[in-house]
Number of protein chains: 2
Amino acid sequence: MPGCYRLATAQGSTKSTAIRPMKFYDFRPSPSPTKVRIVIAEKGLSIPTESINLRELEQQRAEYTEKHPGATVPMLELDDGTYLTESLAISHYLDRVFPEPNLLGTDPKEQALVLMWHDIATFEGYLGVQELLRNSSGAFQGRALPGILPYEQIPALAERGRKRTELFLDKLERRLHSSDHLAVGRYTYADIAAYVYVRFAARVLGNDPLPARPHLSRWTAEIAARPAVRAATG
Amino acid sequence: MPGCYRLATAQGSTKSTAIRPMKFYDFRPSPSPTKVRIVIAEKGLSIPTESINLRELEQQRAEYTEKHPGATVPMLELDDGTYLTESLAISHYLDRVFPEPNLLGTDPKEQALVLMWHDIATFEGYLGVQELLRNSSGAFQGRALPGILPYEQIPALAERGRKRTELFLDKLERRLHSSDHLAVGRYTYADIAAYVYVRFAARVLGNDPLPARPHLSRWTAEIAARPAVRAATG
């Protein structure tokens, strides 16, 4: 039923709940939209989706930048024509409108801890891997920062990004030694974000960061086995 | 009444509402704790506060890193001994526990737009100014990233940071040409964050970014005139 959302029940059956025609702008290989895609899958939603191929620079075409001058994915178009960008903002919106299962915390302290670990992971992990990738890969020459504007690569940043990425993985290992999950005593959006960054790091580092980190390995395997995560990342 | 919160009413009188002994770790010249200090002031709260002098590297002393290995401010210690770090997480917590006046949005769409503009401002503005400051100032030699770990300065990043900062200010000018406030039709945490970054940019750029940007100037003047902002930044 295009344009509507189908909410899968725990039993696997589906019921159509015609809410409104949202539209999701995605690119499967990219980490940021992958976080939102996992949220959508965990909630059993089916949202009409358009792929914006970043490798073909489709995000820089006028029909996209007219909607989003910042020229990034993900983006969620709401029923009233509002364009939401930034993966945390989109995920927060979906968690409020479709509250089951909760992913961003149920009380002020949980919500704060999810945001806190999300931000730690994003500033230390995501930015670290981005520095390494965008300042070393030929595919990002002249595009060392996301968006439409040109930035030259800085070789010293690739080095720094590698160091930051390894330190981020070590921080996760320490945290997951003392805690089953990152933010609170259950799987939340903080785990989703950090999991996506760990996959991103493994791809960009060129070596598998897991064998030397047993707690990170256990946590990664548990998240990877979730049906929603498999569906969203397969 | 130390250890308690006094909520000032609009009339300026106060009533003691003994809730619990939180503690705020602050450093007034720094942008990140300034955002939280404005939130505290807007809500009329009085929270016991300890200054961590970043210029004296007090954030790297054992008595602080035992509580927060990441060695940054702000930090909020909750009544149950939880240490909340990251300014967005702390501000979100305070907005949920002390809901008046609302600063982070009252419905899912508002909340998402506040988070979206907060993240745009933080990734483009705050990170840009940080790049410029930390890679050009002698005070940050060997500390080109926040936290406890050493990172050498990269001169090319100072250049890039200056460019990012100017483009951020231009983006705010365009947004504030079509909108009185950044995220929604009233003052929110997105405005607080961006305002703090604009003040930070003005200090670091070494020239006043406002005269060439009339809409940014109007918005900045309105926020600067708020009693809570004056109290928190004076």
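No other residue among A:Leu127, A:Leu78, A:Leu149, A:Leu145 is touching a Phe, Trp or Tyr at 6+ places or on another chain (Cβ under 7 Å), surrounded by fewer than 23 Cβ atoms within 10 Å (Cβ to Cβ) and within 11 Å of chain B (Cβ to nearest Cβ) apart from A:Leu145.
Any residue at all in the range B:52-61 that is within 21 Å of A:Leu104 (Cα to Cα), free of Cβ contacts under 8 Å to residues at least 12 places away in the same chain and basic (Lys, Arg)?
no
Are any residues in the range A:24-36 within 12 Å of the chain's Cα centre (by Cα) and either over 17 Å from A:Thr122 (Cα atoms) or of a type in the set (A, V, I, L, M, F, W, C) (or both), and if so, which ones? Within the range A:24-36, A:Asp26, A:Phe27, A:Arg28, A:Pro29, A:Val36 meet the criteria. Just wondering, is there one or more residues in the range A:150-167 that are within 30 Å of A:Arg61 (Cα to Cα) and of a type in the set (S, T, N, Q)? Scanning the range A:150-167, I find at least one residue that is within 30 Å of A:Arg61 (Cα to Cα) and of a type in the set (S, T, N, Q), so the answer is yes. Going by what's in this entry, would A:Arg175 be described as assigned by TED's automatic domain parsing to the domain that holds A:Pro227, under 24 Å from A:Arg37 (Cα atoms), surrounded by fewer than 21 Cβ atoms within 10 Å (Cβ to Cβ) and at pLDDT 95 or above? Spelling it out, it is not the case that A:Arg175 is assigned by TED's automatic domain parsing to the domain that holds A:Pro227, under 24 Å from A:Arg37 (Cα atoms), surrounded by fewer than 21 Cβ atoms within 10 Å (Cβ to Cβ) and at pLDDT 95 or above. In the condition set (1) open to solvent by 50 Å² or more (accessible area, probe 1.4 Å); (2) aliphatic (A, V, I, L, M); (3) modelled with pLDDT of 95 or more, A:Ala228 is compliant with all but (1). Within the range A:105-121, the residues that satisfy the criterion of being surrounded by 23 or more Cβ atoms within 10 Å (Cβ to Cβ) and either among the polar types (S, T, N, Q) or in contact with a His (Cβ under 6 Å, 6 or more places away or on another chain) (or both) are A:Gln111, A:Ala112, A:Leu115. Criterion first (within 27 Å of B:Gly70 (Cα to Cα) and open to solvent by 50 Å² or more (accessible area, probe 1.4 Å)) does A:Asp180 satisfy it? Here the answer is yes, as A:Asp180 does meet what is asked. Please go through the range B:85-108 and give me each residue that is out of contact with any Asp or Glu (no Cβ under 8 Å at 6 or more places or on another chain) and among the aliphatic types (A, V, I, L, M), ordered by number. Hits for the range B:85-108 are B:Ile90, B:Leu94, B:Val97. Among the numbered conditions (1) touching a strand residue (DSSP E or B) at 6+ places or on another chain (Cβ under 6 Å); (2) of a type outside the set (Val, Ile, Thr); (3) more than 10 Å from chain B (Cβ to nearest Cβ); (4) closer than 30 Å to B:Thr85 by Cα, the only one that A:His68 does not meet is (4).
Condition check ((1) of a type outside the set (Val, Ile, Thr); (2) in contact with a helix residue (DSSP H, G or I) (Cβ under 6 Å, 6 or more places away or on another chain)) across all residues:
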| position | (1), (2) |
| --- | --- |
| B:Ile52 | no, yes |
| B:His68 | yes, no |
| B:Asp79 | yes, no |
| B:Glu86 | yes, yes |
| B:Ile90 | no, yes |
| B:Tyr93 | yes, yes |
| B:Glu100 | yes, no |
| B:Ala121 | yes, yes |
| B:Leu127 | yes, no |
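Listed conditions (1) in contact (Cβ under 8 Å) with a residue 12 or more places away in the chain; (2) open to solvent by 70 Å² or more (accessible area, probe 1.4 Å); (3) over 15 Å from the mean Cα position of the chain (by Cα) are all met by B:Arg199, apart from (3). Return the residues of the range B:81-103 that are crowded, with 23+ Cβ neighbours inside 10 Å and more than 10 Å from every other protein chain (Cβ to nearest Cβ); say none if nothing qualifies. B:Leu103 - this is the single residue of the range B:81-103 that is crowded, with 23+ Cβ neighbours inside 10 Å and more than 10 Å from every other protein chain (Cβ to nearest Cβ).
The values are calculated or read from the model by the stated rules, or taken from the named source; none is laboratory data. Remember, it's a predicted structure, so these values are computed and weren't measured experimentally. Virtual Cβ from ideal backbone geometry, glycine too; neighbours counted across all protein chains shown. For the accessible areas, the whole protein counts, side chains as well, though only heavy atoms, and no ligand, DNA or RNA atoms are used. Shrake-Rupley method; radii C 1.70, N 1.55, O 1.52, S 1.80 Å.
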